[in-house]
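The values are calculated or read from the model by the stated rules, or taken from the named source; none is laboratory data. Since the model is a prediction, treat every value here as computed from it, not as a measurement. Quick reminder, even Gly has a Cβ in these numbers, built from the backbone with ideal geometry, and neighbours come from all protein chains shown.
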Amino acid sequence: MIEVIAAIAGASISVAAMGAMGFGKRNDEARDAVIRLTSAVEHIAIQLEAMHSDIRDDRRETYTRLNSVEQRVSKLEGR
């Protein structure tokens, strides 16, 4: 009878330990997922910032050229 109780107690402890290890593993996986997502969002933010500055530079160049063309056209219209 004592052997049966000891076996049940041992099995219960094993199940509890496996459950705790599984919980810890899921916790680690969740933490790793959050870290990956955070770095992905930071990378996207950096890329958007670079794209924004590229667009700003392109617009500046485009409007400078348009202004130059507009001045040339107004000179031609004045003649």
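State all residues of the stretch 22-79 that are hydroxyl-bearing (Ser, Thr, Tyr) and within 13 Å of the chain's Cα centre (by Cα); if no residue qualifies, say none.
Filtering the stretch 22-79 for residues hydroxyl-bearing (Ser, Thr, Tyr) gives 38-39, 53, 62-64, 68, 74.
If the condition is that a residue be hydroxyl-bearing (Ser, Thr, Tyr) and within 13 Å of the chain's Cα centre (by Cα), then 38, 39 are the ones that fit.
Select, from 54, 28, the only residue that is out of contact with any Lys or Arg (no Cβ under 8 Å at 6 or more places or on another chain) and modelled with pLDDT under 95.
Numbers: 54 fails: modelled with pLDDT under 95.
When all the criteria are applied, what remains is 28.
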